[in-house]
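Asks: My structure is below; once you've seen it, I'll send some questions.
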Amino acid sequence: EAQVTQNPRYLITVTGKKLTVTCSQNMNHEYMSWYRQDPGLGLRQIYYSMNVEVTDKGDVPEGYKVSRKEKRNFPLILESPSPNQTSLYFCASARDLIGTEAFFGQGTRLTVV
Amino acid sequence: AQSVTQLDSHVSVSEGTPVLLRCNYSSSYSPSLFWYVQHPNKGLQLLLKYTSAATLVKGINGFEAEFKKSETSFHLTKPSAHMSDAAEYFCVVSGTGTASKLTFGTGTRLQVTL
């Protein structure tokens, strides 16, 4: 089954404690991306990757890091989480961006206290 | 640059009546346009997409959308709402060429009442 898998689904952490949210896709997609969803703001792009070892900033990259060492994995790293990073996070992948469907993970609800 | 404006943050309809969710877009390129649906505590699911073929696009669950270039609109419609349609709907644009992201609208929450 074609899917994007995120882990964990729910996470509560304390300010400053490094964390990683994993994302894996099994469709051999070149494009992967992270979004955060906040009420009234829709989904905003954090980082994206067009291929292995190619990553770039989206609209709200501050406080986040990513890596793309393998095609299937695109982890999101918060080196020092802060309460304003409390949000619902989605990973997505697509074959490309020219009219093809993006597939989304189930989401990770992160709370930073 | 590209952007999407969903004109209503919340729409309420009665079951069995038509649904209209409005979306306007701006894009420097020939856009691809999508509607995604998000049910509570779920990920996003593709409803339909426009990719420069037919301007009237049919999607899943009886939804359809019409691409109107002159109005830069891509409104989502359904003739008869069902309770299971209650969800949040996102209009999304992606560009061609060097565009590198999907740009989301802020979402429209559809409420369906008996």
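The values are calculated or read from the model by the stated rules, or taken from the named source; none is laboratory data. Being a predicted model, the structure only gives us computed values, none of them experimental. Quick reminder, even Gly has a Cβ in these numbers, built from the backbone with ideal geometry, and neighbours come from all protein chains shown. Surface areas here come from the heavy atoms of the whole protein model, side chains and all, with no ligands, DNA or RNA. Shrake-Rupley method; radii C 1.70, N 1.55, O 1.52, S 1.80 Å.
Asks: Report the full-extension gain for the segment B:Ser30 to B:Thr5: residue separation times 0.36 nm, less the Cα-Cα distance, to one decimal in nm.
Replies: Gain on stretching B:Ser30 to B:Thr5: 7.3 nm.
Asks: Rounded, prolate or oblate: pick one for chain B, where a ≥ b ≥ c are the square roots of the eigenvalues of its C-alpha gyration tensor, a/c under 1.5 means rounded, and failing that, prolate if a/b is larger than b/c, else oblate. Don't skip to the answer; put the middle values down first.
Replies: Numbers: a/c = 2.01, a/b = 1.69, b/c = 1.19.
In terms of gyration-tensor shape, prolate.
Asks: Once the piece of chain linking A:Asp38 and A:Ser80 is laid out straight, how much longer is it, given 0.36 nm per residue of separation minus the C-alpha distance between them?
Replies: Gain in length upon complete extension: 13.1 nm.
Asks: Using the Kirkwood radius over Cα pairs, work out the Stokes-Einstein diffusion coefficient for the protein assembly as shown at 10 °C and 1.306 mPa s, in µm²/s as a whole number.
Replies: In µm²/s, the coefficient is 88.
Asks: On to the next question. Counting trypsin sites (Lys or Arg not before Pro) as exposed when in a DSSP loop with at most 13 other beta carbons within 10 Å, what is the longest stretch of chain B free of them?
Replies: Formally, the longest exposed-site-free interval is B:70-114.
Asks: Could you tell me the relative contact order of chain A? Use alpha-carbon pairs under 8 Å, at least six residues apart, and round to a whole percent.
Replies: Once divided by the residue count of chain A, the mean separation gives 36 percent.
Asks: Convert each backbone phi in the range B:69-74 into a coupling constant with the Karplus relation 6.51 cos²θ - 1.76 cosθ + 1.60 (shift: θ = phi - 60°), then list the ³J(HN,Hα) values in order as whole Hz, x for Gly and Pro.
Replies: Going residue by residue, I get 5, 5, 9, 6, 10, 8 Hz, with x marking Gly and Pro.
Asks: Another one. Viscosity 1.567 mPa s, temperature 4 °C: give me the Stokes-Einstein translational D for chain A in µm²/s, with Rh taken as the Kirkwood radius over C-alpha pairs.
Replies: The calculation lands on 93 µm²/s.
Asks: Roughly how big is the A-B contact, given as buried accessible area in Å² (both sides, 1.4 Å probe, nearest 100)?
Replies: Protein heavy atoms only, the A-B interface buries about 1800 Å².
Asks: Tell me which residues come under 5 Å, amide H to amide H, from B:Glu15 once H is placed; ignore anything under 5 positions away on its chain.
Replies: Here the answer is B:Thr113, B:Leu114, since their amide H atoms fall under 5 Å of that of B:Glu15.
Asks: Using all Cα-Cα distances in the range A:45-95, what percent lands in each 10 angstrom bin from 0 up to the longest?
Replies: 24, 57, 19, 1
Asks: Where only protein heavy atoms count, and the probe is 1.4 Å, what is the accessible area per residue for chain B in Å²?
Replies: Per residue, chain B has 46 Å² of solvent-accessible surface.
Asks: Return the residues of the range B:74-92 for which accessible area with all protein chains present is lower than in the chain on its own by 10 Å² or more; set the probe to 1.4 Å and exclude ligands, DNA and RNA.
Replies: B:Phe90
Asks: If you plug each phi of the range B:48-65 into the Karplus form 6.51 cos²θ - 1.76 cosθ + 1.60 with θ = phi - 60°, what whole-Hz ³J(HN,Hα) values come out, in order, with x for Gly and Pro?
Replies: Once θ is set to phi - 60°, the couplings for the range B:48-65 become 6, 8, 10, 9, 6, 9, 5, 6, 9, 10, 9, x, 7, 6, x, 7, 8, 9 Hz.
Asks: Given axes a ≥ b ≥ c from the Cα gyration tensor, I'd like to know whether the range B:35-102 is rounded (a/c under 1.5), prolate (a/b larger than b/c) or oblate.
Replies: Oblate is the answer for the range B:35-102, as a/c is 1.5 or above yet b/c matches or exceeds a/b.
Asks: Could you pull out every residue, at least 5 positions away or on a different chain, whose amide H is within less than 5 Å of the one on A:Tyr47? Hs are placed 1.01 Å off N in the peptide plane, and Pro or chain starts have none.
Replies: A:Trp34, A:Gly58
Asks: Name every cysteine in the protein assembly as shown that ends up alone, with no second cysteine's Cβ under 4.7 Å, or say none.
Replies: none
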